[in-house]
Every structure is written in C-alpha cells, then in structure tokens.
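Some notes on the structure that comes next.
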Amino acid sequence: MHGRRSATRVTELSRADAPRSGSRQYHIALERGELAEHVLLVGDPGRVAKVTARFDEVGLERSNREITTATGTFRGMPLSVMSTGMGTDNVEIVLAEVMEITDHPTFIRIGSSGALQPEIALGDLVISTGAVRLENTTDFYVHPGYPAIAHRQVVWALEAACRWLGFSHHVGLTATASGFYAPQGRAMRTLPVRYPELAEELRRQRVANLEMESSALFVLAGL
C-alpha cells in the first residue's frame, strides 16, 4: 500500500522549474482562458470582493493560498482582479505565472502606501511613473542598475481618469522596499534598524511614496 501511494504521488508532480497542477499554474491555480488581458492587482484577498462589487458580472472566482482571483466584465469589458499578497516576492510569483497563460496582459496595481511628500494628503491617489528598487527580487531578472518604469500609456490613462473623475492625485516616483519595518526605516522597540533616516532621505530626493510591490510589477511587466 505504501509503495502504491508513493507511485501515485510521483505521477502528480511536475518539473520543479515549471510547476503545474495538471493544466493549472501551481500557485495561482489558473489555466489559459480564465484571465482577462487586463488585470487589476491588489494585495489583500479581501479587496477582491470590493472590486468585483462594481463588475457587471463575475464568471470565475478561485482562491489558492493568498491568491484570490475573479474574472468578469466591467461596462462590457473583460476584466480580472487578483490578490498577490504583500511584497515583491509574491508579485514575482503571480506575474510569472500569469504571463504563462496570457498573451499581452496589462496590469494595474491598486494598493496602499505611505506618503513621503507633505503635499500628499491622506486619501490622495499616487500614480507611479517608476520605482526606486530597494529590494532584491528583481535583481534575479535584471542588472541592479536597471530602471523600474511604468508604461507611459497606462500612466497617461490613469492621469486622465483622475482628472475626469475629479480625484485628488499626484504623479511621481515610488520607492519599493523589501519589507515593512526596518526596510522602510520604521523605529522599533525590540529590533535594531540600520537606516532610520530612509524615509527622510527619500523625501529629499522627491520620491512620492513608499510601499512593497511596484518595482517588481514595473520590471517584470516591462520585459
């Protein structure tokens, strides 16, 4: 019995460099045809339902690990929304697998961040034109000096939408850190912080906001 179970388990495994679960991508649990070419990315799985509440209809819903996906239509346009979890490492996994099952995806991330400039008020929107890479996930894809730049047409479209809707917004650079506490210079009672002046340094360099995902999105989507 033990040998039989082991043999069955082995036949279900896939190559380690291209993991699959049948025809589905290993982490996102999706296959070709289940995603729209326009994909909204959120961090928290709980935010997916907040987005789909505005959809005309939802035709697919699936959750695996921290990744929740819904595909439907918005004003007649096919649209998907996915949660990535927090950090560039999670974004890397999601984008790598999405790119395997789509042809020309367009990604727009919707998330929270910390404002670094005094003119950015609580609740204002920040449209990122690029990211300062304070993480090393993307170093495994490109040279450390490679820029993380948002697609200009997506930036222009987001700016136009904010103007049309009357949303208070700002356009500028985002800094992407590899973590939330010490990697963003937050003082802690129990642990040392090597760069406590990080936020002030970024502010002087006119970086608009600080978060943990955008640089991976810009680099991978641009390759």
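Checking 98, 58 one by one, the residue that is outside the structural domain of residue 203 (by TED's automatic domain parsing), within 13 Å of the chain's Cα centre (by Cα) and not in a loop (DSSP other than H, G, I, E, B) is 98 and no other. The residues listed here are 146, 195; of these, the one that is touching a Gly at 6+ places or on another chain (Cβ under 6 Å) and either among the hydroxyl-bearing types (Ser, Thr, Tyr) or exposed (fewer than 11 other Cβ atoms within 10 Å of the Cβ) (or both) is 195. Those helices (runs of 4 or more DSSP H) of the stretch 115-223 in which 2 or more residues are more than 17 Å from the chain's Cα centre (by Cα) and free of Cβ contacts under 8 Å to residues at least 40 places away in the same chain occupy 152-165, 198-204. The one condition from (1) under 20 Å from residue 178 (Cα atoms); (2) not assigned by TED's automatic domain parsing to the domain that holds residue 162 that residue 150 does not meet is (2).
Checked against the criterion of being more than 22 Å from residue 211 (Cβ to Cβ) and out of contact with any Asp or Glu (no Cβ under 8 Å at 6 or more places or on another chain), the stretch 35-43 has at least one qualifying residue.
The values are calculated or read from the model by the stated rules, or taken from the named source; none is laboratory data. Since this is a predicted model, take the numbers as computed values, not measurements. All Cβ positions, glycine included, derive from the backbone under ideal geometry; neighbour counts span all protein chains shown.
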